[in-house]
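Undergrad: Quick one: the structure is below, and I'll ask about it shortly.
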Amino acid sequence: CVFEIMENNKMPKGIPYIIGNELAERFSYYGMKTILTVFMTKYLLDAAGNPAPMSAEESKIWYHLFVTANYFFPILGALLSDIFWGKYRTIITLSLLYCAGHLALSLDETRLGLSLGLTMIAIGSGGIKPCVSAHVGDQFDKKNFHLLEKVYNMFYLSINVGSVLSILLTPFLLRAYGANVAFG
C-alpha cells in the first residue's frame, strides 16, 4: 500500500528535537571549553566584583579536572539510566542540570560560580553521553530501520556543526559582550 511505503520512509517525530538538542549541547560545551582558560586567567572576579584571575598553571588544573570529570560521569549516567530513570528521563533531567551549569557560569563570574557551573556541566554532559546516541536508535523499528544510517549521519553532522560554530563564535562573544553572554 502507498500509505505504508510513505510511513516507512518518514523519520520518527522526535528525531529533529534530538538532533537539534545535540547541536545545541555540543555548541555550548565546546564553546565554553574554548573560552574557559581565558575566562579563568583574565575575567574571573572575587566576591566583591574585583578582578581575581587565576594563574595559567592553576587554570590548567581546573580545566583538566573539568575534562576528566566529563569522562568520569558517563559511568554514573549509564547507571542512572539503566537502573533508575531510563534514557529519556536521564537525558531530560541531566540536560536541565547542564543548562543550570551554564546559567551559573553566566550569572556568577567568581570561583563559586565557576565551581558550581563546571560541576553541573560535567555531571550533565557526562551523564547524558551514554544515553543520547542509544536514544536515537530507540526511535526506530523494523519498518523504518533503513533510515537509521541517514539519521546517524545527520546526528554526527549536528555534533560537528555545533562544535565548529561554537569554537568560531564563542571567543567573539566573550570579547564583544563579556563572559555573561559567552557562557549564557
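The values are calculated or read from the model by the stated rules, or taken from the named source; none is laboratory data. Nothing here was measured: the structure is a model prediction, and the numbers come from that model. Note that each Cβ is placed from the backbone with ideal geometry, even for glycine, and that neighbours are counted across all protein chains shown. Accessible surface is based on the protein model in full, side chains and every heavy atom, while ligands, DNA and RNA are left aside. Shrake-Rupley method; radii C 1.70, N 1.55, O 1.52, S 1.80 Å.
Undergrad: Treat each spin label as a single point 7 Å out from the Cα along the C-beta direction, and report the ILE167 to ASP141 distance in nm.
TA: A separation of 4.1 nm, rounded to one decimal place.
Undergrad: On to the next question. Relative contact order for segment 58-184 using alpha-carbon pairs under 8 Å, separation at least 6, rounded to a whole percent?
TA: Relative contact order for segment 58-184 comes out at 30 percent.
Undergrad: Report the gain in length on full extension from GLU57 to LEU79: 0.36 nm times residue separation, minus Cα-Cα distance, nm rounded to one decimal.
TA: This chain segment gains 4.5 nm when fully extended.
Undergrad: Using only alpha carbon pairs under 8 Å that are at least six residues apart, calculate the relative contact order of segment 100-172 and give it in whole percent.
TA: Worked out over segment 100-172, it gives 19 percent.
Undergrad: I've got another one for you. Roughly how far apart, in whole Å, are the Cα centres of segment 90-134 and segment 150-176?
TA: Distance between centres, Cα-based: 18 Å.
Undergrad: Applying the Karplus parametrisation 6.51 cos²θ - 1.76 cosθ + 1.60 with θ = phi - 60° to the phi angles of segment 79-88, what ³J(HN,Hα) value in whole Hz is obtained for each residue in order, glycine and proline being reported as x?
TA: For segment 79-88, the Karplus curve yields 5, 4, 5, 6, 9, 10, 9, x, 4, 4 Hz.
Undergrad: Checking the a/c ratio against 1.5 first, then a/b against b/c, what shape does the Cα gyration tensor give for segment 61-184?
TA: oblate
Undergrad: So, one more: Find the relative contact order for segment 1-119 and round it to a whole percent, using C-alpha pairs within less than 8 Å whose residues are 6+ positions apart.
TA: About 19 percent, as a whole number.
Undergrad: Could you give the accessible area per residue of the chain, probe 1.4 Å, as a whole number in Å²?
TA: The answer is 56 Å² per residue.
Undergrad: Right, something else. With charges only on Cβ, +1 for K and R and -1 for D and E, what is the dipole size of the chain about its Cα centre, in debye, rounded to 20?
TA: About 200 debye.
Undergrad: Here's another thing I want to ask about it. Per residue of the chain, what 222 nm ellipticity follows from adding -39500 (n - 2.57) for every DSSP H run with n ≥ 4, rounded to the nearest 500?
TA: Counting only the DSSP helices, I get -26000 deg cm²/dmol.
Undergrad: Which percent of the accessible area of the chain is formed by carbon and sulfur heavy atoms (probe 1.4 angstrom)?
TA: 67 percent
Undergrad: Please work out the FRET efficiency for the pair ASN160 and ALA48, using the Cβ-Cβ distance as r and a Förster radius of 30 Å; give the result to the nearest 0.05.
TA: The formula returns an efficiency of 0.10 here.
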